[in-house]
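The values are calculated or read from the model by the stated rules, or taken from the named source; none is laboratory data. For clarity, every value in this text was computed on a predicted model and none was experimentally measured. Ideal geometry is used to build each Cβ from the backbone, glycine not excepted, and the neighbour counts take in all protein chains shown. With ligands, DNA and RNA removed, areas are computed over all heavy atoms of the protein, side chains included. Shrake-Rupley method; radii C 1.70, N 1.55, O 1.52, S 1.80 Å.
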Amino acid sequence: QLVESGGGSAQPGDSLRLSCAAYSSANNILSMAWYRQAPGNQRELVASISDEGTITYADSVKGRFTISRNKAKTTVYLQMDNLRPEDTADYFCNVNKRLGRPDWGQGTQVTVSL
């Protein structure tokens with residue numbers, strides 16, 4: 001089970017922070033990630049962090065977004081700076097596990113507009 005928070009409305013250039021708490025044992029978590037899906041588009045990977053700390057970003061957010069996690073490795077954050085209108089989407093948390101199917105959050109909406 002994943003519980004997301006954060007998101008909302010922002011203006012271009014603003015910052016928002018998303019959080020996602022995983023109610024799983026950290027030992028069972030392979031990776032944590034954020035995806036997003038804009039209306040009419042496919043869901044795309046925004047950023048991910050592996051259990052070993054390897055981080056990946058989509059080219060479109062490099063230098064603006066930062067993924068991180070807590071010490072317990074059970075909560076993942078997405079700091080979104082210098083937001084652009086094209087960042088408008090529903091953002092979903094994803095956790096890949098060693099055992100069991102991947103978990104998905106319920107989604108949180110981010111809207112960037114003047």
Looking at the chain as a GNM with Cα springs under 10 Å, which of 66, 54, 74 has the largest mean-square fluctuation? 54
Hits among aspartates and glutamates - C-alpha to C-alpha of residue 97 under 13 Å, sequence gap 8 or more where chains match: 51
A 1.4 Å probe over the protein heavy atoms gives the chain a carbon and sulfur accessible-area percentage of 45 percent
Along segment 17-28, what does the Karplus equation 6.51 cos²θ - 1.76 cosθ + 1.60 (θ = phi - 60°) give for ³J(HN,Hα), rounded to whole Hz, x for Gly and Pro? 10, 9, 10, 9, 9, 9, 8, 9, 5, 4, 5, 9
Can you work out the FRET efficiency for the pair residue 28 and residue 66, with r the C-beta to C-beta distance and R0 = 22 Å, to the nearest 0.05? 0.35
Probe of 1.4 angstrom, ligands and nucleic acids ignored: what's the accessible area per residue over the chain, in square angstrom? 54 Å²
Among 97, 71, 62: highest mean-square fluctuation, GNM of the chain, C-alpha pairs under 10 Å: 71
For the chain, modelled as a GNM with alpha-carbon contacts under 10 angstrom, which of 48, 60, 31 fluctuates the most? 60
Mind checking which of 21, 93, 63 is farthest towards the positive end of the chain's charge dipole, using Cβ charges of +1 (Lys, Arg) and -1 (Asp, Glu) about the Cα centre? 21
Could you tell me how far the Cα centroid of segment 51-114 sits from the Cα centroid of segment 1-22, in Å? 9 Å
